[in-house]
Amino acid sequence: MTPTRRPEREAHQLAAGPPPRAGGTPLLAPPPDGLAEATFGGGCFWCTESDMQRIDGVDIAISGYTGGAEISPTYREVAGGATGHVEAVRVFHDPAQVTYEQLLAVYWRHIDPTDDQGQFADRGAHYRPVIYVHDEEQRRLATASRDAVAASGRFDRPIVVAIEDAGDFWIAEEEHQNFYLERPAHYERYRRGSGRTRFIERTWGR
């Protein structure tokens with residue numbers, strides 16, 4: 001698996017070139033032959049991208065923005081909360097190697113599913129946890145997985161992760177792609193400092 005698949009990312013962008021403003025680039029093409037797609041909002045997309053990209057069978061994980069109305073939103077605009085977008089990650093995976101259910105299992109183990117006001121140190125609606133489903137089968141599986149987490153007794157508060165239809169996805173600026181590889185020390189300090197690592201270890205073990 002090669003995490004830094006920038007040519008593939010570019011191949012999924014509009015053939016007409018970049019958008020007319022310095023914001024996210026639209027990701028409109030379907031996944032390549034043999035691959036399926038999934039979309040997850042799990043707080044800061046640096047972390048969700050890292051968690052998903054490490055899975056065998058994931059071809060590429062792309063950080064971006066979804067769920068809002070603004071065309072080609074920028075990181076600053078999304079962070080300001082006015083666009084309605086959520087930081088999310090679009091995952092292209094080989095279902096023969098890793099199933100959607102397995103992606104869901106990884107997702108649940110790397111978020112706080114009881115917090116819909118953000119994730120860990122990152123607060124605001126643009127950091128809320130959301131599973132964006134691409135078809136009814138994904139909706140069924142996502143709902144079943146959420147019900148299973150709720151019934152597990154692992155959490156003492158309600159599970160509040162939303163399940164919503166996948167819509168337009170805007171690729172985030174290049175500086176946010178593969179952040180855990182491009183700036184590993186910064187990423188590790190951020191992840192630990194945010195409280196995410198401590199929560200995961202306390203909830204699921206090391």
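The values are calculated or read from the model by the stated rules, or taken from the named source; none is laboratory data. Everything numeric here is computed off the predicted structure, so don't read it as measured data. Counting neighbours? That spans all protein chains shown, and the Cβs are built from the backbone with ideal geometry, glycine included.
What helices (runs of 4 or more DSSP H) completely inside segment 131-206 contain at least 3 residues that are out of contact with any Cys (no Cβ under 9 Å at 6 or more places or on another chain), surrounded by fewer than 16 Cβ atoms within 10 Å (Cβ to Cβ) and on the phi < 0 side of the Ramachandran plot?
136-151, 184-194, 196-204
Within segment 126-135, identify whether any single residue is touching a helix residue (DSSP H, G or I) at 6+ places or on another chain (Cβ under 8 Å) and of a type in the set (Val, Ile, Thr), and answer yes or no.
yes
Looking at (1) within 13 Å of the chain's Cα centre (by Cα); (2) surrounded by fewer than 21 Cβ atoms within 10 Å (Cβ to Cβ); (3) of a type in the set (Val, Ile, Thr), can you tell me which one residue 62 breaks?
(2)
Suppose we filter 78, 91 for residues that are crowded, with 19+ Cβ neighbours inside 10 Å, at pLDDT 95 or above and within 24 Å of residue 30 (Cα to Cα); which single one remains?
Step by step, each of 78, 91 is checked, and only 91 is crowded, with 19+ Cβ neighbours inside 10 Å, at pLDDT 95 or above and within 24 Å of residue 30 (Cα to Cα).
Hey, can you tell me all the residues within segment 28-55 that are of a type in the set (A, V, I, L, M, F, W, C) and either at pLDDT below 95 or touching a Leu at 6+ places or on another chain (Cβ under 6 Å) (or both)?
Matches in segment 28-55: 28, 29, 38.
Restricting to segment 66-122, and then to whatever is hydroxyl-bearing (Ser, Thr, Tyr) and in contact with a His (Cβ under 9 Å, 6 or more places away or on another chain), can you tell me which residue is nearest to residue 147 (Cα to Cα)?
Ranking the candidates gives 100 first.
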